[in-house]
Structure formats: C-alpha cells, structure tokens
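Undergrad: Take a look at the following structure, please.
The values are calculated or read from the model by the stated rules, or taken from the named source; none is laboratory data. Everything numeric in this text was worked out from a predicted model, so none of it was measured. When we count neighbours, we look across all protein chains shown, and the Cβ atoms used for this are built from the backbone with ideal geometry, even at glycine.
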Amino acid sequence: MNKRQSAAQTVGPLFKANPLAGERHHFATALAPNLRALPEQAIAVGGHVGDTLTVSFWCLLTSKDYWATVLKAVNLGVDTDTVGTAARGLASIYSGLPLCQSNGGARWHGQRI
C-alpha cells in the first residue's frame, strides 16, 4: 500500500457491492481523495466507526512514521482508546511492525499523550 494512494482507491471498491453499498455515506470523508490535505479541524471524531476510520487514515497519511501516527491519534483527545488502537493497527500494517510491541510504553515516556 502506498501512503500517497487514497483510501478510496484501496477500500472504495468494497462499498460498490451489496450489502455495503448502503453504508458508503458513513465513510465519505475516510474515502475522500483529498483526506490527507484536510486540516485537523475538519476531521470529525465521534462515536461512529466511519469517524474512527477517517481519523485513523488521516493520522496515518499525515504522519512521518508509526509512533507519530499513534501519538497524533491519541493527542486528538476524543475517544482516544478506540482511535489510538485503530490508528496503531493501520500504522502497524503499513510499516510492517507486529501489532504487539512489549516496549511501546517506554517509547512514549516524556511525550504529550
């Protein structure tokens, strides 16, 4: 997966087939080709899975590495456990890191979280 490739190109085809076709509107921002260019204020963090996916993709696309992605997700300050976990999963997949890292907490020592 290329970070410059939009989420719409990667995930979008899944929403063309039933039963997912009726759910596409929930993921409009997450699948927007310009997601990376959106400012932080335009990223909605709410209780819907579409919001979580949007924020997670945005954090991945606008961060330089795995840890920056996770810290950005948590520092957004809303629903931090869910958003941080989702962003961590995407960043792990993208960077090729295992989903579990035993020394993860040590890396954050002294960081704003």
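Undergrad: Tell me, which helices (runs of 4 or more DSSP H) wholly within the stretch 40-113 include 3 or more residues that are at pLDDT 90 or above and surrounded by 12 or more Cβ atoms within 10 Å (Cβ to Cβ)?
TA: 49-61, 66-75, 80-95
Undergrad: Which of the residues that make up the stretch 62-79 are of a type outside the set (G, A, S), more than 9 Å from V45 (Cβ to Cβ) and either in contact with a Gly (Cβ under 6 Å, 6 or more places away or on another chain) or free of Cβ contacts under 8 Å to residues at least 40 places away in the same chain (or both)?
TA: T62, K64, D65, Y66, T69, V70, K72, V74, N75
Undergrad: I've got another one for you. Specify which of the listed residues (A21, A37) is hydrophobic (A, V, I, L, M, F, W, C), surrounded by fewer than 12 Cβ atoms within 10 Å (Cβ to Cβ) and modelled with pLDDT of 80 or more.
TA: When all the criteria are applied, what remains is A37.
Undergrad: Of all the residues that make up the stretch 24-34, how many are modelled with pLDDT under 80 and either of a type outside the set (A, V, I, L, M, F, W, C) or not in a helix (DSSP H, G or I) (or both)?
TA: Residues flagged as modelled with pLDDT under 80 and either of a type outside the set (A, V, I, L, M, F, W, C) or not in a helix (DSSP H, G or I) (or both) within the stretch 24-34 amount to 7.
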